[in-house]
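These notes concern the structure reproduced below.
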Amino acid sequence: MRSRTLILILTILAICAPSISCRQKTAPAPRPEARPIGTPIPIVAPLGLPPVPVPADNPPTAETVALGRRLYYDTALSADNTVSCASCHSLQTGLCDGRPVSTGVRGQKGARNAPTVFNVAYYTTQFWDGRAPSLEQQAGGPMANPIEMGHTLAGVEQKLNADASYRADFKKAFGSDVITIEMVEKSIASFERTIVSGNSPFDRYMYGGDNKALSASAQRGLEVFRNPKKGNCAVCHTIGDDYALFTDNKFHNLGVGAKLGMTGEVELTDLGRFKVTNNEADKGAFRTPSLRNIALTAPYMHDGSDKNLKETIDFYIGAGNSNPYRDKEIHSLDFLTGKERADLLEFLKSLTGTIPPNVGPPTS
């Protein structure tokens, strides 16, 4: 009896063994390293800006920058082939889109204004709320956003791998026949790091020794901008001895979007940085944008609520919108005269710099 039972068990195991082995998962193939292998190229900072920060694992090469430029203008990164990076960050509108908030796939509206790509290499975090710590990580965000490009990162990989011309370009840039999203992100980031704009009239006056580069009105406006007893704008939009980023890379609550709620208390329509840090002090705080090329990038604020620079100046004159988290540096500037306000506007216009070459759509 025992022998018959043993034979039966061994028979069952023999029958089941193939199916058991078939259920064992095959280890996935290792992903290729996303390391540029092409021709290294320098990114030359123009007058008024410091050396461009570059991560050690993504040095700019001719191949990755060219590839990133192609990707930046390609609607294939979106789920329905209608939206590219350039749809919201167009050279014709100051590398933003000229709208209060952007339009994504299927005509969907976003909640925040598209910031300009000029000089994004100098930001220590990306997006209005700083949720991405690098340009590389920022690049993938819009692709996977259901409102913006409506795709998935895996879907982008699959789509590009099905394109022979892209496989050839990625092979030149990274030495791999397989395209990964890390390669896509690094290429776009490398291209965006080349979009540095300086050598403005302000730069030529401040750092180039050209005393005639700024008009008399703009020079007076610079004084209003820097003077702690006047505009005190430079406390956040920084100007250094050797260069000027016009941002402190920090987050501040100006009261943009604050309004009275049903209970009579001030409510914030967008919690900003708080959504990233969960720190009470960050409620309604947003990253200080650089003021370089500010005259090209209307409308202003994270919600695009200020249509022009005059409205923005007026907003600061009125000390923003009161709320429990408003930055302590924001105070009324109603003592500024009409002439001082006009001079401040002229100074802001003087921050328009030169546009680097090879920023527009690739020619082929």
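Each row is one residue, and each column tells you yes or no for (1) farther than 30 Å from THR354 by Cα; (2) open to solvent by 50 Å² or more (accessible area, probe 1.4 Å); (3) modelled with pLDDT of 95 or more.
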position: PRO18; (1), (2), (3): yes, yes, no
position: PRO32; (1), (2), (3): yes, no, no
position: THR39; (1), (2), (3): no, yes, yes
position: GLY48; (1), (2), (3): no, no, yes
position: ASN58; (1), (2), (3): no, no, yes
position: ALA66; (1), (2), (3): no, yes, yes
position: CYS85; (1), (2), (3): no, no, yes
position: SER90; (1), (2), (3): no, no, yes
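For ASP314, the requirement of being without any contact (Cβ under 8 Å) to a residue 40 or more places away in the chain, in contact with a strand residue (DSSP E or B) (Cβ under 9 Å, 6 or more places away or on another chain), open to solvent by less than 30 Å² (accessible area, probe 1.4 Å) and not β-branched (Val, Ile, Thr) is not met. Tally up the residues in segment 58-94 that are closer than 26 Å to SER165 by Cβ, in a loop (DSSP other than H, G, I, E, B) and in contact (Cβ under 8 Å) with a residue 40 or more places away in the chain, please. So the count comes out to 7.
Select from segment 348-364 the residues that are open to solvent by 60 Å² or more (accessible area, probe 1.4 Å) and either touching a His at 6+ places or on another chain (Cβ under 9 Å) or part of a loop (DSSP other than H, G, I, E, B) (or both) and list them in ascending order. Within segment 348-364, THR354, ILE355, PRO357, ASN358, PRO361, THR363, SER364 meet the criteria. Note on segment 250-275: residues that are open to solvent by 30 Å² or more (accessible area, probe 1.4 Å) and either charged (D, E, K, R) or more than 22 Å from GLY318 (Cα to Cα) (or both) amount to 9. Restricting GLY320, GLY284 to residues that are among the small types (Gly, Ala, Ser), within 20 Å of TYR123 (Cβ to Cβ) and buried (at least 19 other Cβ atoms within 10 Å of the Cβ) narrows the list to GLY284. Flag set for ASP242, criterion: in contact (Cβ under 8 Å) with a residue 40 or more places away in the chain, surrounded by fewer than 16 Cβ atoms within 10 Å (Cβ to Cβ), acidic (Asp, Glu) and outside any helix (DSSP H, G or I). Criterion applied to TYR205, TYR166 was being open to solvent by 30 Å² or more (accessible area, probe 1.4 Å), at pLDDT 95 or above and of a type in the set (Phe, Trp, Tyr), and the one residue passing it is TYR205. Among the residues making up segment 251-273, those that are in contact with a helix residue (DSSP H, G or I) (Cβ under 9 Å, 6 or more places away or on another chain) and free of Cβ contacts under 8 Å to residues at least 60 places away in the same chain are LEU268, LEU271. Screening GLU265 against (1) modelled with pLDDT of 95 or more; (2) more than 20 Å from the chain's Cα centre (by Cα) leaves a single unmet condition, (1).
The values are calculated or read from the model by the stated rules, or taken from the named source; none is laboratory data. Quick caveat: nothing in here was measured; it's all calculated off a predicted structure. Positions of Cβ are generated from backbone atoms using ideal geometry, with glycine treated the same way; all protein chains shown enter the neighbour counts. Side chains included, ligands, DNA and RNA excluded: accessible areas come from the protein's heavy atoms. Shrake-Rupley method; radii C 1.70, N 1.55, O 1.52, S 1.80 Å.
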